[in-house]
Structure formats: C-alpha cells, structure tokens
Amino acid sequence: MKRDTQLTRAGRSHHGTRPVNAAIQRASTVLAGEAKDLYNRPDGIPLYARFGMESQNALKSALCEMQAADYCALTPSGLSAMTLATIACVSNGGHVLAADCLYGPTRMFLSDLLPDWGVKVEYFDPRIGGGISQHIRENTQLVFCESPGSLTFEVQDIPAISAAAHKVGARVLVDDTWSAGLNANMLDLGADYAAQSLTKYAGGHSDVIMGAVLCRGDNAERLKGAEWRLGLCVSPDDAFLVSRGLRTLGMRMDKSGAASIEIAERLAERPEVSEVLHPARADHPDHAIYTRDFSAPAGVFGVQFKDWDIARSERFLDALEIFGLGFSWGGFESLAVHCDPQLRRNFRDQRDGALIRLAIGLEDVDDLWNDLEQAIRASA
C-alpha cells in the first residue's frame, strides 16, 4: 500500500464487526482465569498491564508496520527512548561513539552517566561517514547518530557508518525524530535501532509526551530485556493519542515540510541571513545524502543571522506574534528558539552571528512569512 493508505490502516483490525479505534483499557492488574495461566498467558494477554494493553499494542503494531520492524518499545519520552536503546547496547568496559550533533539531553546522559558505569564516550564529526572506522575500537559497542543533527542539521551517512560499525559487532542507534520514521527508514539504511520522540510529529498536537525504539531480528531480545528490567511503560490514553496522530501524519508532514522549504528560500534572500540550515535545500552540505536517504523534508530547520548577538536574537523572538517561543516541535503551531545558549559542539564550524531554529506548523505560509519579516525589522 502507499504511505497515506498504510497510515490509516496500520495497527488495527480490518475484519468483522469492530470499532475503528483501539479501546483505551485503564488497568494495572490482568486477572488469570486459572492458576496455570498466571505465568503462562495465552498469546496476546499480558501478565501485567505494564507490558501493554489494547491501545499500547495497537500503537506498537502500527509503528512496526510503518518501518517493517519486528519489535517496538514504547517509552515515556523521546529522551527515554534514546537512553533505553543505549542501555540495551552497552556494558562495563565498553566504548561509545556519539555524533557531535546529538540532542542536548541525550548528550548529557552519555557524558554524565555512562562514564560512571565504566563506559567511555567519544564524540565524532557528524560528517565523518565511512571515516568513522578510524575511531572504532575492539570494545566499541555502540555508534549513536542523529540524522539530521539537533540544531545544526548535519545529515549522517548511516549506510557507511553502519557498515564500519558492524565489522566489529558494534550496534548503530539513530535518533530519527526529524523523519518520524516516515520520510526515511533508518533500519533499511543499516541501523540496528531507530528511536524517535513520538511527542513530535507522530503525536502532532503538542498534548502528549512519548518515545519509541524499533528494531529487527536478534536486536529485539536486547531491547526487550532492558525494557523489562527498567520498568518503562506508557499510559493507554497517551498511546491512543499518538495512534490518532498517526492517521494524519503524512498530510501534516507534507504541509509542514513544503512550507518550511518556501520560508527557507525566502529567508535565504534576506540580507540579514548568512546561512539556512535545511537539508532539503541544494546548498546544504549534506544535500546529496539527504536526497538518497529521505523521501521528503520535515518542517524544522536552522537560520544563521549575520552579526546578531543574543540580545538581538531575543528582540527578534519577542517580536514574533504567530510563532510561539517553546521547545519541542512537530505540532500544529510554529515555534522558534535561539540555539546559541544550548549549543555544545566539539566539531562545530565557526559561525558569525546567531542561530535560530524554526519549526513550521500548519499556519498559512504568508502569515508566517509576514511574522518573520516584521520581527526582523523590530529587532534592529
């Protein structure tokens, strides 16, 4: 089936008399009919509600179908999806290679906690591609990518990185929140784990926080083991909301992505702008990899303003009327944040001015553009 048809049908039954949507089952205890069933439940019946009831299982099934995955773990947030997958792969004495462009809280988890567990973390240039083989050691257990990178939007060569990692048995984890697992499939590109924040595009309405990790084959056992022992779970109501968001995911991402390209093109013509960081633009350094691996853009990108300091960035943000000021993205509303206060990079190119991240929502493009123009004028 084509993508949009699949999104309307994934994770639900299509036979017999049935409700269109999965039921929300609020439960903790799942009773056994007989003592012999306490530890050996029939297929599809959980021992305990933490392992998922109907709405959680429907969402897992839908996400697996979208990415041709064998297993999906749902987590309480996007960050916990990244930490769960990492924990499933590392052990004392191990070595982790992490892309220098990772989401800030993910970076804090790697840098602040893993060394206490006897795991060494080394950051690499996101554009290293197959050259990562020079950094892989015999004890490298995990290569952690985020493509495109958070804030600075580097697109990593996942097939080349995966090929190098797999030679020593290291696993590859990719944060692919930007594509929502819809406009790219990191598992097809060679990654072992594809993790994303369902809070963003999948949820789509800024009213739920959740994450997911997907994998295939033998990697599922590692993930299940970590998931079981950490006790992660999500509420049935939240799972229902994300499943509902999936039905319109394609339409929303198409509109957001197309609008982001149009606004990026207009911004590139402004004299105040030195660079637009959007992988779908032909002048992006990684555009060739983006074109090869992604089927469509997302609506999130960066803008470098020449010679702006933080004070002018804040005046610009304060003057915006339609764009909200807030973290996260992927909802119906457009958002803007200035990135420099949170940037932590070892391999970042030298830039003059301020970096602003824009997340384009579902508003009219001309209204958004007028808002940006008046805010630029007001910030002067």
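The values are calculated or read from the model by the stated rules, or taken from the named source; none is laboratory data. Everything numeric in this text was worked out from a predicted model, so none of it was measured. Ideal geometry is used to build each Cβ from the backbone, glycine not excepted, and the neighbour counts take in all protein chains shown. Accessible surface is based on the protein model in full, side chains and every heavy atom, while ligands, DNA and RNA are left aside. Shrake-Rupley method; radii C 1.70, N 1.55, O 1.52, S 1.80 Å.
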Treating only the Cβ of Lys, Arg, Asp and Glu as charged (+1, +1, -1, -1), what charge dipole size does segment 1-72 show about its Cα centre? Round to the nearest 20 debye. 220
Cα centre as origin, Lys/Arg/Asp/Glu Cβ charges: the chain dipole, Debye: 1180
Nearest-0.05 FRET efficiency for residue 51 and residue 31, computed from C-beta distance (R0 22 Å): 0.90
Who wins for biggest fluctuation among 80, 274, 147 in a Gaussian network model of the chain, springs between alpha carbons below 10 Å? 274
Roughly how many whole Å is it from the C-alpha centroid of segment 27-60 to that of segment 271-311? 47
Given unit charges at Cβ for Lys, Arg (+) and Asp, Glu (-), the dipole magnitude of segment 165-221 about its Cα centre in debye, nearest 20, is 100
Angle, helix 54-67 long axis vs. longest principal axis of the chain, Cα atoms, 0 to 90°, nearest 10? 60
Using 0.36 nm times the number of residues separating residue 23 and residue 378, minus their current alpha carbon distance, what extension gain do you get? 122.8 nm
Out of 135, 23, 66, whose Cα points farthest toward the positive end of the dipole of the chain (charges: +1 Lys, Arg; -1 Asp, Glu; placed on Cβ)? 23
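When the accessible area of segment 230-336 is split by element with a 1.4 Å probe, what percent falls to carbon and sulfur?
56
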In whole Hz, with x marking every Gly and Pro, tabulate ³J(HN,Hα) for segment 246-251 from phi via Karplus 6.51 cos²θ - 1.76 cosθ + 1.60, θ = phi - 60°. 4, 5, 10, 4, x, 4
Which shape class, rounded, prolate or oblate, goes with segment 1-99 when its Cα gyration tensor gives a ≥ b ≥ c as root eigenvalues, a/c under 1.5 marks rounded, and past that a/b bigger than b/c marks prolate? oblate
Quick one: grab Rg to one decimal and Dmax as a whole number for segment 201-308, Cα atoms only, in Å. 18.7, 54
Taking a ≥ b ≥ c as the square roots of the Cα gyration tensor eigenvalues, with a/c under 1.5 meaning rounded and otherwise prolate when a/b beats b/c or oblate if not, segment 126-247 comes out oblate
With a ≥ b ≥ c taken as the square roots of the eigenvalues of the C-alpha gyration tensor of the chain, please select rounded if a/c is under 1.5 and otherwise prolate if a/b is larger than b/c or oblate if it is not? oblate
Heads up, I need the accessible area for residue 173: 1.4 angstrom probe, whole protein in place, Å², nearest 10. 0
Using 23 Å as the Cα-Cα cut-off, could you pick out the over-long pairs in 36/60; 2/60; 2/167; 200/255; 255/306? 36/60; 2/167; 255/306
Among 224, 60, 167, which one shows the biggest mean-square fluctuation in a GNM of the chain, springs joining Cα atoms closer than 10 Å? 167
Just read off the accessible area of residue 87 with the full protein assembly in place, 1.4 Å probe, to the nearest 10 Å². 50
Can you send over the carbon and sulfur percentage of the accessible area for segment 71-150, probe radius 1.4 Å, protein chains only? 51
Where only protein heavy atoms count, and the probe is 1.4 Å, what is the accessible area per residue for the chain in Å²? 43
Computing the accessible area with a 1.4 Å probe over protein heavy atoms, can you report the carbon and sulfur percentage for segment 158-223? 49
